1. Has the range 405-421 got any residue that is modelled with pLDDT of 95 or more, more than 14 Å from ligand 1 (Cβ to nearest atom), over 30 Å from Ser91 (Cβ atoms) and more than 21 Å from the chain's Cα centre (by Cα)?
2. Taking the condition more than 16 Å from ligand 1 (Cβ to nearest atom) and free of Cβ contacts under 8 Å to residues at least 40 places away in the same chain, does Lys401 pass?
3. Looking at the range 148-165 only, could you name the residues that are touching a residue at least 24 places away in the same chain (Cβ under 8 Å) and open to solvent by 50 Å² or more (accessible area, probe 1.4 Å)?
4. Please tell me if Ala371 is within 16 Å of ligand 2 (Cβ to nearest atom), under 30 Å from Tyr123 (Cβ atoms) and at pLDDT 95 or above.
5. Might you let me know whether the range 323-339 holds any residue that is modelled with pLDDT under 95, basic (Lys, Arg) and either over 23 Å from Gly97 (Cβ atoms) or open to solvent by less than 10 Å² (accessible area, probe 1.4 Å) (or both)?
Amino acid sequence: MITRRRFISYSAAPFLLPKIAFSEDVTFLNAENVKIPLLPDQQPTSLWGFNGSMPGPVIRLKQGQQVNVRLKNLLNQPTAVHWHGVRIKNSMDGVPGLTQAAVSAGEDFLYKFTVPDAGTYWYHSHHRSWEQVAKGLYGALIVEEKNLPKVQHDIVVFFDDWRLSPIGSQIEDFENPHDLAHDGRLGNFAKVLFSNANPAIKRYQKIRLRLINVATDRVFPIKISGIEGKLVAYDGMPIKILQPIKDIVLSPSQRADIIGYVTADEIAFTFDTPNGPYQLGSLKVAGEIAKPKNMEIVALSENDYQAPDIKNAQEHTINFDGGAMSRSMMMGSGVWSINGQTGMPNKPLYTFKLGQTVVLELFNNTMFDHAIHLHGHHFQAVDFGVLSPMRDTILVKAGKKQKIACVFNNPGKWMLHCHMLAHQASGMATWFQIA
Ligand code: C2O
Ligand code: CU
(Lines give C-alpha, C1' and ligand atoms only; values in the text may rest on other atoms or scores of the structure.)
(Ligands and ions follow the chains in the order given, each with its own letter.)
Protein backbone atom coordinates (compact mmCIF):
# COMPACT_ATOMS: atom_id res chain seq x y z
CA MET A 1 0.00 0.00 0.00
CA ILE A 2 1.41 3.35 -0.94
CA THR A 3 0.92 5.99 1.67
CA ARG A 4 1.98 9.57 1.60
CA ARG A 5 4.04 9.10 4.73
CA ARG A 6 5.93 6.15 3.36
CA PHE A 7 6.53 7.85 0.05
CA ILE A 8 7.96 10.94 1.65
CA SER A 9 10.12 9.11 4.13
CA TYR A 10 11.48 6.93 1.32
CA SER A 11 12.43 9.87 -0.83
CA ALA A 12 14.05 11.65 2.10
CA ALA A 13 15.63 8.59 3.61
CA PRO A 14 18.50 10.19 5.58
CA PHE A 15 16.20 12.56 7.44
CA LEU A 16 13.69 11.73 10.09
CA LEU A 17 10.56 13.61 9.29
CA PRO A 18 8.40 14.68 12.20
CA LYS A 19 5.25 12.58 12.22
CA ILE A 20 3.09 15.54 13.06
CA ALA A 21 3.56 16.98 9.59
CA PHE A 22 1.43 14.23 8.12
CA SER A 23 -1.81 13.98 9.97
CA GLU A 24 -3.37 11.40 7.70
CA ASP A 25 -2.12 8.50 5.69
CA VAL A 26 -3.64 8.63 2.28
CA THR A 27 -3.56 5.77 -0.15
CA PHE A 28 -3.75 6.97 -3.71
CA LEU A 29 -5.67 5.05 -6.31
CA ASN A 30 -5.09 6.42 -9.78
CA ALA A 31 -7.54 5.00 -12.29
CA GLU A 32 -5.59 4.92 -15.54
CA ASN A 33 -4.73 3.12 -18.75
CA VAL A 34 -2.50 0.08 -18.41
CA LYS A 35 -1.10 -2.59 -20.71
CA ILE A 36 -1.08 -6.12 -19.33
CA PRO A 37 0.24 -9.30 -20.94
CA LEU A 38 -2.73 -11.67 -21.05
CA LEU A 39 -2.45 -13.88 -24.12
CA PRO A 40 0.83 -15.77 -24.23
CA ASP A 41 3.01 -14.75 -27.21
CA GLN A 42 0.87 -11.74 -28.08
CA GLN A 43 1.20 -8.05 -27.46
CA PRO A 44 0.01 -6.80 -24.07
CA THR A 45 -3.70 -6.00 -23.83
CA SER A 46 -4.77 -2.38 -23.33
CA LEU A 47 -6.88 -2.30 -20.18
CA TRP A 48 -7.70 -0.03 -17.28
CA GLY A 49 -6.19 -0.38 -13.84
CA PHE A 50 -5.03 1.45 -10.73
CA ASN A 51 -1.53 2.79 -10.11
CA GLY A 52 -0.22 1.21 -13.29
CA SER A 53 -1.35 -2.29 -12.50
CA MET A 54 -4.30 -4.55 -13.13
CA PRO A 55 -5.53 -5.78 -10.71
CA GLY A 56 -4.94 -2.63 -8.69
CA PRO A 57 -2.77 -2.67 -5.57
CA VAL A 58 -3.81 -4.89 -2.67
CA ILE A 59 -5.11 -2.64 0.08
CA ARG A 60 -4.29 -4.39 3.35
CA LEU A 61 -5.79 -3.10 6.59
CA LYS A 62 -6.22 -4.13 10.19
CA GLN A 63 -9.68 -4.86 11.53
CA GLY A 64 -11.25 -1.64 12.77
CA GLN A 65 -8.70 0.57 11.01
CA GLN A 66 -9.68 3.78 9.27
CA VAL A 67 -8.54 4.23 5.72
CA ASN A 68 -8.31 7.27 3.47
CA VAL A 69 -8.19 6.49 -0.21
CA ARG A 70 -7.95 9.25 -2.75
CA LEU A 71 -9.32 8.10 -6.08
CA LYS A 72 -7.89 10.08 -8.98
CA ASN A 73 -9.66 9.62 -12.26
CA LEU A 74 -7.09 9.74 -15.05
CA LEU A 75 -9.45 8.02 -17.50
CA ASN A 76 -11.57 9.59 -20.20
CA GLN A 77 -14.93 8.75 -18.63
CA PRO A 78 -16.41 9.18 -15.12
CA THR A 79 -15.84 6.48 -12.54
CA ALA A 80 -16.35 5.64 -8.84
CA VAL A 81 -15.05 2.95 -6.51
CA HIS A 82 -17.29 0.56 -4.55
CA TRP A 83 -15.86 -1.36 -1.58
CA HIS A 84 -17.57 -4.66 -2.14
CA GLY A 85 -18.75 -6.51 0.96
CA VAL A 86 -17.58 -3.92 3.46
CA ARG A 87 -20.09 -2.76 6.08
CA ILE A 88 -19.23 0.76 5.14
CA LYS A 89 -20.74 4.14 5.90
CA ASN A 90 -23.36 4.72 3.19
CA SER A 91 -21.82 7.92 1.80
CA MET A 92 -18.61 5.96 1.03
CA ASP A 93 -20.32 3.07 -0.79
CA GLY A 94 -19.33 4.41 -4.20
CA VAL A 95 -22.59 4.10 -6.13
CA PRO A 96 -23.00 6.99 -8.58
CA GLY A 97 -26.52 8.36 -8.60
CA LEU A 98 -27.35 6.85 -5.20
CA THR A 99 -24.55 7.60 -2.71
CA GLN A 100 -22.30 10.02 -4.62
CA ALA A 101 -21.84 11.72 -7.96
CA ALA A 102 -19.59 9.91 -10.43
CA VAL A 103 -16.04 11.27 -10.37
CA SER A 104 -15.48 13.03 -13.70
CA ALA A 105 -12.38 12.59 -15.82
CA GLY A 106 -9.55 14.57 -14.22
CA GLU A 107 -11.30 14.85 -10.84
CA ASP A 108 -10.69 13.08 -7.58
CA PHE A 109 -12.65 11.86 -4.55
CA LEU A 110 -11.60 11.00 -1.00
CA TYR A 111 -13.00 7.76 0.41
CA LYS A 112 -12.69 7.75 4.18
CA PHE A 113 -14.05 4.78 6.11
CA THR A 114 -13.38 2.12 8.72
CA VAL A 115 -13.46 -1.62 8.17
CA PRO A 116 -15.42 -3.38 10.93
CA ASP A 117 -15.02 -6.94 9.65
CA ALA A 118 -11.90 -8.97 8.94
CA GLY A 119 -11.75 -10.94 5.72
CA THR A 120 -11.32 -10.85 1.97
CA TYR A 121 -13.11 -7.99 0.23
CA TRP A 122 -12.51 -6.21 -3.02
CA TYR A 123 -12.96 -2.88 -4.69
CA HIS A 124 -14.21 -2.19 -8.17
CA SER A 125 -15.72 0.49 -10.32
CA HIS A 126 -19.46 0.95 -9.85
CA HIS A 127 -19.91 3.27 -12.81
CA ARG A 128 -20.71 1.49 -16.07
CA SER A 129 -19.28 -1.49 -14.22
CA TRP A 130 -20.09 -3.90 -17.07
CA GLU A 131 -17.49 -2.01 -19.08
CA GLN A 132 -15.13 -0.68 -16.39
CA VAL A 133 -14.78 -3.94 -14.43
CA ALA A 134 -14.37 -5.82 -17.73
CA LYS A 135 -11.51 -3.42 -18.51
CA GLY A 136 -9.86 -4.15 -15.18
CA LEU A 137 -10.90 -1.53 -12.62
CA TYR A 138 -10.68 -3.75 -9.56
CA GLY A 139 -8.36 -4.85 -6.76
CA ALA A 140 -8.35 -6.71 -3.44
CA LEU A 141 -9.14 -5.20 -0.05
CA ILE A 142 -7.81 -7.40 2.74
CA VAL A 143 -8.77 -6.82 6.35
CA GLU A 144 -6.51 -8.75 8.70
CA GLU A 145 -8.00 -10.60 11.67
CA LYS A 146 -6.91 -9.31 15.07
CA ASN A 147 -5.34 -12.72 15.69
CA LEU A 148 -4.14 -13.24 12.14
CA PRO A 149 -3.47 -16.95 11.55
CA LYS A 150 0.21 -17.48 10.83
CA VAL A 151 0.95 -18.63 7.29
CA GLN A 152 4.07 -18.49 5.13
CA HIS A 153 2.26 -17.03 2.13
CA ASP A 154 -0.95 -15.04 1.80
CA ILE A 155 -1.91 -14.78 -1.85
CA VAL A 156 -4.93 -13.28 -3.59
CA VAL A 157 -6.13 -15.30 -6.58
CA PHE A 158 -8.31 -13.32 -8.99
CA PHE A 159 -10.48 -15.35 -11.39
CA ASP A 160 -11.26 -13.43 -14.54
CA ASP A 161 -12.14 -13.85 -18.18
CA TRP A 162 -11.80 -11.55 -21.19
CA ARG A 163 -13.15 -11.45 -24.70
CA LEU A 164 -10.03 -11.11 -26.80
CA SER A 165 -9.16 -10.97 -30.48
CA PRO A 166 -6.49 -13.42 -31.74
CA ILE A 167 -3.79 -10.77 -31.24
CA GLY A 168 -4.88 -10.10 -27.68
CA SER A 169 -6.87 -6.87 -27.89
CA GLN A 170 -10.12 -6.63 -25.97
CA ILE A 171 -13.30 -6.79 -28.05
CA GLU A 172 -15.29 -3.78 -26.91
CA ASP A 173 -18.85 -5.11 -27.25
CA PHE A 174 -19.83 -4.33 -23.67
CA GLU A 175 -23.55 -3.92 -24.40
CA ASN A 176 -24.02 -6.68 -26.92
CA PRO A 177 -27.83 -7.27 -26.82
CA HIS A 178 -27.49 -11.05 -27.02
CA ASP A 179 -25.17 -11.10 -23.98
CA LEU A 180 -27.45 -8.79 -22.01
CA ALA A 181 -30.46 -11.07 -22.47
CA HIS A 182 -28.66 -14.39 -21.88
CA ASP A 183 -25.74 -15.45 -19.64
CA GLY A 184 -24.04 -12.08 -19.82
CA ARG A 185 -20.80 -11.17 -21.55
CA LEU A 186 -18.61 -14.23 -21.13
CA GLY A 187 -14.97 -14.10 -22.16
CA ASN A 188 -13.26 -16.43 -24.62
CA PHE A 189 -10.11 -16.53 -22.51
CA ALA A 190 -9.83 -17.01 -18.75
CA LYS A 191 -7.00 -17.12 -16.27
CA VAL A 192 -6.07 -16.51 -12.67
CA LEU A 193 -4.02 -13.49 -11.67
CA PHE A 194 -2.02 -13.52 -8.44
CA SER A 195 -1.32 -10.65 -6.06
CA ASN A 196 2.25 -11.89 -5.79
CA ALA A 197 3.73 -13.12 -9.05
CA ASN A 198 6.65 -15.21 -7.77
CA PRO A 199 6.16 -16.28 -4.18
CA ALA A 200 8.89 -18.74 -3.13
CA ILE A 201 6.53 -21.52 -2.14
CA LYS A 202 7.92 -24.71 -0.65
CA ARG A 203 6.20 -28.04 -0.15
CA TYR A 204 4.56 -28.38 3.29
CA GLN A 205 4.46 -24.66 3.88
CA LYS A 206 1.19 -23.35 5.25
CA ILE A 207 -0.47 -20.87 2.92
CA ARG A 208 -3.63 -18.82 2.65
CA LEU A 209 -5.32 -18.31 -0.68
CA ARG A 210 -7.97 -15.64 -1.08
CA LEU A 211 -10.05 -16.47 -4.14
CA ILE A 212 -12.06 -13.66 -5.72
CA ASN A 213 -14.26 -14.06 -8.79
CA VAL A 214 -13.84 -10.65 -10.44
CA ALA A 215 -15.31 -11.72 -13.80
CA THR A 216 -18.23 -9.60 -14.94
CA ASP A 217 -20.54 -12.52 -15.73
CA ARG A 218 -18.87 -15.93 -15.51
CA VAL A 219 -19.61 -18.39 -12.69
CA PHE A 220 -16.43 -20.38 -11.98
CA PRO A 221 -16.65 -23.95 -10.69
CA ILE A 222 -13.12 -24.12 -9.29
CA LYS A 223 -10.79 -27.10 -8.91
CA ILE A 224 -7.56 -26.66 -6.95
CA SER A 225 -4.80 -29.24 -6.74
CA GLY A 226 -1.58 -29.30 -4.71
CA ILE A 227 -2.96 -28.07 -1.40
CA GLU A 228 -4.45 -29.93 1.56
CA GLY A 229 -6.55 -27.87 3.87
CA LYS A 230 -9.93 -26.24 4.38
CA LEU A 231 -12.20 -23.56 3.07
CA VAL A 232 -12.45 -21.18 6.03
CA ALA A 233 -14.43 -18.15 4.83
CA TYR A 234 -17.00 -17.11 2.25
CA ASP A 235 -17.38 -13.52 1.06
CA GLY A 236 -15.02 -12.40 3.83
CA MET A 237 -16.99 -14.02 6.65
CA PRO A 238 -15.44 -16.93 8.58
CA ILE A 239 -17.47 -20.15 8.49
CA LYS A 240 -17.92 -22.25 11.61
CA ILE A 241 -17.89 -25.70 10.04
CA LEU A 242 -14.87 -25.75 7.78
CA GLN A 243 -15.45 -27.18 4.32
CA PRO A 244 -13.30 -29.34 2.05
CA ILE A 245 -11.46 -27.64 -0.82
CA LYS A 246 -13.53 -29.14 -3.56
CA ASP A 247 -16.60 -28.27 -5.55
CA ILE A 248 -16.07 -24.58 -4.91
CA VAL A 249 -18.38 -22.55 -7.09
CA LEU A 250 -17.92 -18.80 -7.11
CA SER A 251 -20.38 -16.53 -8.85
CA PRO A 252 -19.23 -13.08 -9.97
CA SER A 253 -18.07 -11.10 -6.89
CA GLN A 254 -18.02 -14.05 -4.47
CA ARG A 255 -14.90 -14.93 -2.47
CA ALA A 256 -13.54 -17.97 -0.66
CA ASP A 257 -10.57 -18.16 1.71
CA ILE A 258 -8.51 -21.33 1.87
CA ILE A 259 -5.86 -22.23 4.42
CA GLY A 260 -3.80 -25.34 3.89
CA TYR A 261 -0.48 -27.05 3.36
CA VAL A 262 1.30 -27.35 0.03
CA THR A 263 1.52 -31.00 -1.02
CA ALA A 264 2.76 -31.02 -4.64
CA ASP A 265 5.10 -29.38 -7.17
CA GLU A 266 2.50 -26.82 -8.10
CA ILE A 267 -0.83 -25.45 -6.98
CA ALA A 268 -2.99 -25.56 -10.06
CA PHE A 269 -6.36 -23.93 -10.76
CA THR A 270 -8.76 -25.30 -13.36
CA PHE A 271 -12.45 -25.23 -14.10
CA ASP A 272 -14.63 -27.69 -15.96
CA THR A 273 -16.15 -26.76 -19.28
CA PRO A 274 -18.21 -28.91 -21.66
CA ASN A 275 -14.94 -29.43 -23.60
CA GLY A 276 -13.00 -30.64 -20.57
CA PRO A 277 -10.95 -28.97 -17.85
CA TYR A 278 -9.63 -25.49 -18.62
CA GLN A 279 -6.25 -24.55 -17.15
CA LEU A 280 -6.43 -21.20 -15.40
CA GLY A 281 -2.86 -21.06 -14.14
CA SER A 282 -0.70 -22.26 -11.30
CA LEU A 283 1.70 -21.31 -8.51
CA LYS A 284 5.08 -23.00 -8.74
CA VAL A 285 6.50 -24.88 -5.78
CA ALA A 286 10.26 -25.32 -5.36
CA GLY A 287 11.98 -27.14 -2.50
CA GLU A 288 10.40 -28.39 0.67
CA ILE A 289 10.41 -28.00 4.43
CA ALA A 290 9.88 -30.72 7.01
CA LYS A 291 6.38 -32.17 6.83
CA PRO A 292 4.45 -30.83 9.82
CA LYS A 293 3.07 -33.46 12.18
CA ASN A 294 -0.21 -31.68 12.66
CA MET A 295 -1.83 -30.38 9.51
CA GLU A 296 -5.15 -29.53 11.11
CA ILE A 297 -6.77 -26.21 10.15
CA VAL A 298 -8.83 -24.32 12.72
CA ALA A 299 -11.66 -21.86 12.14
CA LEU A 300 -11.02 -18.11 11.98
CA SER A 301 -12.40 -15.93 14.74
CA GLU A 302 -15.86 -14.65 13.93
CA ASN A 303 -16.75 -11.09 13.07
CA ASP A 304 -19.09 -9.24 15.37
CA TYR A 305 -22.32 -9.67 13.44
CA GLN A 306 -25.87 -9.43 14.74
CA ALA A 307 -27.87 -12.66 14.50
CA PRO A 308 -31.18 -12.39 12.63
CA ASP A 309 -34.35 -12.35 14.71
CA ILE A 310 -36.26 -14.80 12.53
CA LYS A 311 -39.33 -14.92 14.78
CA ASN A 312 -40.02 -11.22 14.36
CA ALA A 313 -38.87 -10.96 10.77
CA GLN A 314 -40.82 -9.21 8.05
CA GLU A 315 -41.24 -11.31 4.93
CA HIS A 316 -41.27 -10.17 1.33
CA THR A 317 -40.95 -11.85 -2.04
CA ILE A 318 -38.79 -10.28 -4.72
CA ASN A 319 -39.48 -11.40 -8.29
CA PHE A 320 -36.71 -11.39 -10.85
CA ASP A 321 -38.10 -11.49 -14.39
CA GLY A 322 -37.12 -10.92 -17.98
CA GLY A 323 -34.32 -12.03 -20.27
CA ALA A 324 -34.51 -14.20 -23.35
CA MET A 325 -37.49 -16.57 -23.55
CA SER A 326 -39.39 -14.66 -20.89
CA ARG A 327 -43.07 -13.88 -21.16
CA SER A 328 -43.37 -11.45 -18.29
CA MET A 329 -44.49 -7.84 -18.57
CA MET A 330 -42.20 -5.07 -17.41
CA MET A 331 -42.18 -1.36 -16.88
CA GLY A 332 -39.37 0.42 -18.66
CA SER A 333 -37.12 -0.45 -21.56
CA GLY A 334 -34.60 -2.83 -19.96
CA VAL A 335 -34.22 -6.54 -20.42
CA TRP A 336 -34.53 -7.65 -16.79
CA SER A 337 -36.81 -6.53 -13.99
CA ILE A 338 -37.19 -6.66 -10.23
CA ASN A 339 -40.83 -6.70 -9.08
CA GLY A 340 -41.85 -5.53 -12.54
CA GLN A 341 -39.53 -2.53 -12.63
CA THR A 342 -36.46 -2.44 -14.84
CA GLY A 343 -33.48 -0.35 -13.76
CA MET A 344 -32.96 1.73 -10.63
CA PRO A 345 -36.28 3.16 -9.40
CA ASN A 346 -36.52 6.70 -8.01
CA LYS A 347 -38.07 5.35 -4.83
CA PRO A 348 -36.65 2.44 -2.81
CA LEU A 349 -38.15 -0.99 -3.41
CA TYR A 350 -38.54 -1.22 0.37
CA THR A 351 -37.89 0.97 3.35
CA PHE A 352 -36.88 -0.94 6.47
CA LYS A 353 -36.51 0.25 10.01
CA LEU A 354 -32.95 0.25 11.28
CA GLY A 355 -32.26 -3.08 12.98
CA GLN A 356 -35.20 -4.90 11.37
CA THR A 357 -34.68 -8.54 10.43
CA VAL A 358 -36.19 -9.27 7.03
CA VAL A 359 -36.62 -12.58 5.25
CA LEU A 360 -36.59 -12.03 1.51
CA GLU A 361 -37.72 -14.74 -0.84
CA LEU A 362 -35.74 -14.27 -4.03
CA PHE A 363 -37.74 -15.76 -6.88
CA ASN A 364 -35.72 -16.21 -10.04
CA ASN A 365 -38.54 -16.41 -12.56
CA THR A 366 -36.16 -16.44 -15.55
CA MET A 367 -34.33 -18.99 -17.67
CA PHE A 368 -30.88 -17.89 -16.37
CA ASP A 369 -28.97 -17.98 -13.09
CA HIS A 370 -28.42 -14.71 -11.21
CA ALA A 371 -25.84 -13.66 -8.61
CA ILE A 372 -27.82 -11.41 -6.29
CA HIS A 373 -25.70 -8.96 -4.29
CA LEU A 374 -26.75 -6.69 -1.44
CA HIS A 375 -24.66 -3.67 -0.48
CA GLY A 376 -23.60 -2.75 3.05
CA HIS A 377 -24.76 -5.98 4.70
CA HIS A 378 -24.22 -9.70 4.75
CA PHE A 379 -27.15 -12.11 4.83
CA GLN A 380 -27.78 -15.81 5.32
CA ALA A 381 -29.63 -18.25 3.13
CA VAL A 382 -32.48 -19.89 5.02
CA ASP A 383 -33.54 -23.37 4.00
CA PHE A 384 -36.20 -25.09 6.10
CA GLY A 385 -35.31 -22.86 9.03
CA VAL A 386 -31.57 -23.61 8.82
CA LEU A 387 -29.26 -20.64 8.34
CA SER A 388 -26.28 -20.95 5.99
CA PRO A 389 -22.95 -19.07 6.35
CA MET A 390 -23.07 -15.32 5.82
CA ARG A 391 -22.59 -13.99 2.31
CA ASP A 392 -22.96 -10.76 0.41
CA THR A 393 -23.83 -12.42 -2.91
CA ILE A 394 -25.91 -15.51 -3.59
CA LEU A 395 -26.33 -17.48 -6.78
CA VAL A 396 -30.02 -18.14 -7.41
CA LYS A 397 -30.54 -20.79 -10.05
CA ALA A 398 -32.93 -20.36 -12.98
CA GLY A 399 -36.53 -20.99 -11.95
CA LYS A 400 -35.65 -21.35 -8.25
CA LYS A 401 -36.69 -19.58 -5.07
CA GLN A 402 -34.19 -18.85 -2.33
CA LYS A 403 -34.96 -17.30 1.04
CA ILE A 404 -32.38 -15.10 2.70
CA ALA A 405 -32.42 -13.47 6.14
CA CYS A 406 -30.79 -10.12 6.78
CA VAL A 407 -30.56 -7.74 9.71
CA PHE A 408 -30.76 -4.30 8.15
CA ASN A 409 -28.61 -2.50 10.68
CA ASN A 410 -26.66 -0.14 8.43
CA PRO A 411 -28.52 3.10 7.70
CA GLY A 412 -28.69 4.53 4.20
CA LYS A 413 -29.48 3.66 0.61
CA TRP A 414 -28.28 0.23 -0.36
CA MET A 415 -28.39 -1.44 -3.73
CA LEU A 416 -29.58 -4.95 -4.47
CA HIS A 417 -28.57 -6.09 -7.93
CA CYS A 418 -27.39 -8.94 -10.06
CA HIS A 419 -23.58 -9.07 -10.05
CA MET A 420 -23.62 -10.50 -13.53
CA LEU A 421 -22.88 -7.02 -14.66
CA ALA A 422 -24.50 -7.38 -18.07
CA HIS A 423 -27.75 -8.10 -16.20
CA GLN A 424 -27.25 -5.11 -13.94
CA ALA A 425 -26.58 -3.01 -17.05
CA SER A 426 -29.89 -4.05 -18.56
CA GLY A 427 -32.17 -3.51 -15.60
CA MET A 428 -31.62 -5.99 -12.77
CA ALA A 429 -30.98 -3.42 -10.07
CA THR A 430 -32.91 -1.82 -7.25
CA TRP A 431 -32.31 -0.36 -3.78
CA PHE A 432 -33.53 -0.33 -0.20
CA GLN A 433 -33.74 2.54 2.24
CA ILE A 434 -32.77 1.78 5.84
CA ALA A 435 -33.74 4.44 8.34
CU1 C2O B 1 -19.59 -5.53 -6.29
CU2 C2O B 1 -22.95 -3.27 -6.52
O3 C2O B 1 -21.27 -4.40 -6.42
CU1 CU C 1 -28.34 -11.84 -13.45
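1. Taking the range 405-421 as the starting set, the residues that turn out to be modelled with pLDDT of 95 or more are 405-421.
Right, trim to more than 14 Å from ligand 1 (Cβ to nearest atom) and you get 405-411.
Retained after the next criterion (residues that are over 30 Å from Ser91 (Cβ atoms)): none.
Scanning the range 405-421, I find no residue that is modelled with pLDDT of 95 or more, more than 14 Å from ligand 1 (Cβ to nearest atom), over 30 Å from Ser91 (Cβ atoms) and more than 21 Å from the chain's Cα centre (by Cα), so the answer is no.
2. Values: more than 16 Å from ligand 1 (Cβ to nearest atom): yes; free of Cβ contacts under 8 Å to residues at least 40 places away in the same chain: no.
Answer is no for this residue.
3. Step one: list which residues in the range 148-165 are touching a residue at least 24 places away in the same chain (Cβ under 8 Å), which gives 149-164.
Those that are touching a residue at least 24 places away in the same chain (Cβ under 8 Å) and open to solvent by 50 Å² or more (accessible area, probe 1.4 Å): Lys150, Gln152.
4. Answer is yes for this residue.
5. Checking the range 323-339: at least one residue is modelled with pLDDT under 95, basic (Lys, Arg) and either over 23 Å from Gly97 (Cβ atoms) or open to solvent by less than 10 Å² (accessible area, probe 1.4 Å) (or both).
Here is a yes/no grid of residues against (1) out of contact with any Ser or Thr (no Cβ under 8 Å at 6 or more places or on another chain); (2) assigned to a strand (DSSP E or B); (3) touching a residue at least 40 places away in the same chain (Cβ under 8 Å):
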| residue | (1), (2), (3) |
| --- | --- |
| Leu61 | yes, yes, yes |
| Arg70 | no, yes, yes |
| Asn76 | yes, no, no |
| Trp83 | yes, yes, yes |
| Ser91 | no, no, yes |
| Gly94 | yes, no, no |
| Gly106 | yes, no, no |
| Phe113 | yes, yes, yes |
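Conditions (1) of a type outside the set (Val, Ile, Thr); (2) free of Cβ contacts under 8 Å to residues at least 24 places away in the same chain; (3) closer than 27 Å to Ala181 by Cβ, marked per residue:
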site: Ser333; (1), (2), (3): yes, yes, yes
site: Ser337; (1), (2), (3): yes, no, yes
site: Gly340; (1), (2), (3): yes, yes, yes
site: Gln356; (1), (2), (3): yes, no, no
site: Met367; (1), (2), (3): yes, no, yes
site: Asp383; (1), (2), (3): yes, yes, no
site: Gln424; (1), (2), (3): yes, no, yes
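Results for (1) over 24 Å from Trp431 (Cβ atoms); (2) not small (Gly, Ala, Ser), shown as yes or no for each residue.
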| position | (1), (2) |
| --- | --- |
| Gln63 | yes, yes |
| Val67 | yes, yes |
| Pro78 | no, yes |
| Gln100 | no, yes |
| Ala105 | yes, no |
| Asp108 | yes, yes |
| Pro116 | no, yes |
| Tyr123 | no, yes |
| His127 | no, yes |
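The values are calculated or read from the model by the stated rules, or taken from the named source; none is laboratory data. Given the structure is predicted, the values throughout are model-derived calculations rather than measurements. Cβ: placed from backbone, ideal geometry, glycine included. Neighbour counts: every protein chain shown. Just so you know, the surface numbers come from the protein's heavy atoms only, side chains and all, with ligands and any DNA or RNA stripped out. Shrake-Rupley method; radii C 1.70, N 1.55, O 1.52, S 1.80 Å.
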